[in-house]
Amino acid sequence: MSKVLRSFMLVTDVGFIVYWIIVGLHLIPKEFLYKDYDNELLVAWNMSFIPLDLVISWTGLLSLYMYKRKLASWSSLCMISLSLTFCSGLQAIAFWALRHDFDPFWWIPNVFLLIYPLFFIPKLMRASLAAQ
């Protein structure tokens with residue numbers, strides 16, 4: 001696992017946990033909330049990401065731990081984490097695009113989640129195939 005991947009995963013996985021703590025404590029200033037934040041359906045939509053994002057964090061942080069301990073299965077958990085990270089970003093971007101809501105405050109982090117795994121998934125797949 002490259003140092004760049006480890007850094008991206010650590011920032012992303014800890015970032016998800018911090019984000020959900022901030023959301024739970026209602027610490028995001030009103031001017032940064034997404035459009036129609038008071039809409040009960042949109043709040044439910046946003047909250048529906050909690051299980052996915054926490055599974056991403058769990059698999060990502062566990063894969064980093066396993067890599068550090070030189071346990072071979074780190075790469076499988078890493079692949080799961082990266083794939084789910086891509087899905088999380090894709091779902092959010094698709095939603096905002098369908099609503100024609102192009103707020104950079106929400107788009108930038110979700111485009112990051114969508115794109116960064118694409119640089120590492122092919123490398124992990126090649127390494128996995130080469131190891132067989």
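The values are calculated or read from the model by the stated rules, or taken from the named source; none is laboratory data. A quick note: this is a predicted structure, and the numbers were derived from the prediction, not measured. Ideal geometry is used to build each Cβ from the backbone, glycine not excepted, and the neighbour counts take in all protein chains shown.
Tabulated data
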quantity: Only one of Leu52, Leu33, Leu5, Leu42 that is surrounded by 14 or more Cβ atoms within 10 Å (Cβ to Cβ), in contact with a Cys (Cβ under 9 Å, 6 or more places away or on another chain) and either under 27 Å from Phe102 (Cβ atoms) or not aliphatic (A, V, I, L, M) (or both); calculated: Leu52
quantity: Meets criteria (in a helix (DSSP H, G or I), touching a residue at least 24 places away in the same chain (Cβ under 8 Å) and either within 18 Å of the chain's Cα centre (by Cα) or under 17 Å from Val11 (Cβ atoms) (or both)) for Phe105; calculated: yes
quantity: Of all residues in the stretch 23-56 being among the charged types (D, E, K, R) and not in a loop (DSSP other than H, G, I, E, B), the one that is modelled with the highest pLDDT; calculated: Asp53
